[in-house]
Amino acid sequence: METRINLSGNTAIVTGGRRQLGAAHAVRLAECGADICLADIAIDNDMEATVERVKATGQKVKALVCDVADRAAVEEMVKTCVSELGGVDILVNNAGISSRETLMEVSEEEWDAIFDINLKGTVLCTQLAATQMIRQGRGGAIINLSSSTGLNANVSRGAYGVSKAGVIMATKLFARELGEHDIRVNAIAPGFTSTARIGGRDGAMFYRGAGETERVMSRLALKRQGEPIDYANVVAFLASDLGAYVTGVTIPVDGGFTIP
Ligand SMILES: NC(=O)c1ccc[n+]([C@@H]2O[C@H](COP(=O)([O-])OP(=O)(O)OC[C@H]3O[C@@H](n4cnc5c(N)ncnc54)[C@H](O)[C@@H]3O)[C@@H](O)[C@H]2O)c1
């Protein structure tokens with residue numbers, strides 16, 4: 001019985017993989033033996049740095065441009081992963097954007113952008129990657145990025161929170177649909193991260209306003225904010241055979257932020 005996370009022989013797609021959490025998942029999965037396909041809306045210096053970090057593990061890496069909200073682009077991403085890396089065994093639906101509006105404030109344009117990327121993107125990538133996994137006939141693991149704001153109502157992240165709650169239900173539904181193919185579908189719900197925050201539509205990062213860090217810290221049972229590796233370790237566990245009997249769940253990885 002395997003006692004360590006061993007992903008040798010697996011290929012993983014990480015969407016939104018050029019920086020921050022996506023980069024951490026990619027490097028951690030590669031350290032566990034997976035070859036990596038990094039997909040993002042742009043190949044920039046951040047992407048190149050992440051490619052180098054993956055290469056340093058000794059695993060193969062392919063970086064490509066893919067808008068997860070565009071079905072044709074997602075199809076092309078899966079095709080490229082198969083032709084250049086030999087298949088798709090793991091999908092990490094990490095691409096996402098945020099905004100600061102409440103539900104009363106959010107514009108239709110902002111709502112559509114958030115739902116296109118966070119929820120439609122997750123569904124499209126899952127449909128197409130899972131179709132390839134079924135064709136391969138050796139199972140697979142899909143890990144979605146929800147958020148503590150998909151579990152707890154945070155008024156300053158209105159549309160984002162609703163989209164991340166949708167990711168939790170999509171995770172359960174896909175887990176039911178794909179279980180017979182030994183494809184497991186799970187999610188993690190990250191809390192607050194010490195590094196830069198998730199970006200908005202223009203890619204710029206949102207930083208916390210005055211007092212927000214103190215408010216967050218006071219609710220954290222573990223009294224520290226998360227690091228990208230805290231999330232990547234749980235992603236690697238869910239991707240591996242150590243999580244072989246886990247499907248349809250969303251694991252809060254938030255230092256106790258969402259303890260009721
Ligand atoms: N940082 C946090 O504290 C936190 C907390 C909870 C959940 N999350 C979730 O984790 C994931 C990663 O967040 P992050 O903090 O690393 O944010 P980030 O903004 O650094 O990374 C998101 C990545 O997604 C990419 N992306 C955006 N639109 C895309 C599209 N249409 N197609 C492909 N790629 C696209 C961006 O270019 C970026 O590289 C997101 O889904 C986010 O909602 C993050």
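Quick one: in the stretch 9-28, of everything that is within 6 Å of the ligand (Cβ to nearest atom) and among the polar types (S, T, N, Q), which residue is surrounded by the most Cβ atoms within 10 Å (Cβ to Cβ)? Only one residue tops the list, namely THR15. Pairs are defined by a Cβ separation below 8 Å, a sequence spacing of at least 6 or placement on different chains, a first member in the stretch 69-87 that is closer than 13 Å to LEU128 by Cβ and in contact (Cβ under 8 Å) with a residue 12 or more places away in the chain, and a second member that is away from the ligand (no atom under 16 Å from the Cβ) and hydrophobic (A, V, I, L, M, F, W, C); the pairs so defined are VAL78/VAL88; CYS81/VAL88; VAL82/VAL88. For LEU38, are the conditions met, namely being crowded, with 24+ Cβ neighbours inside 10 Å and within 12 Å of the ligand (Cβ to nearest atom)? In short, yes. Cβ-Cβ contacts under 9 Å between residues 6 or more apart (or on different chains), taken from a first residue in the stretch 182-210 that is away from the ligand (no atom under 11 Å from the Cβ) to a second residue that is aromatic (Phe, Trp, Tyr) and modelled with pLDDT of 75 or more, are listed as ILE183/PHE174; ARG184/TYR245; VAL185/PHE174. Kindly indicate whether SER163 is of a type in the set (S, T, N, Q) and farther than 28 Å from GLN127 by Cβ. Here the answer is no, as SER163 does not meet what is asked. Screening the candidates GLY150, GLY179 for the property of being more than 18 Å from the chain's Cα centre (by Cα) and modelled with pLDDT of 95 or more yields one hit, GLY179.
Taking ALA129 as the residue in question, decide whether it is within 16 Å of the ligand (Cβ to nearest atom), touching a residue at least 60 places away in the same chain (Cβ under 8 Å) and in contact with a Leu (Cβ under 9 Å, 6 or more places away or on another chain). The answer is yes for ALA129.
Here the condition is being within 11 Å of the ligand (Cβ to nearest atom) and of a type in the set (Asp, Glu); of ASP112, ASP89, ASP70, it holds for ASP70 alone. Evaluation of ASN6 against the conditions (1) touching a residue at least 12 places away in the same chain (Cβ under 8 Å); (2) of a type outside the set (D, E, K, R); (3) within 15 Å of the ligand (Cβ to nearest atom) shows that the sole unmet condition is (3).
Applying the condition of being in a helix (DSSP H, G or I) and charged (D, E, K, R) to the stretch 117-149 and asking which residue is nearest to LEU178 (Cα to Cα) yields ARG135.
The values are calculated or read from the model by the stated rules, or taken from the named source; none is laboratory data. Small disclaimer: the values here were computed from a predicted structure and weren't measured. For neighbour counting, all protein chains shown are included, and Cβ atoms are generated from backbone atoms with ideal geometry for every residue, glycine included.
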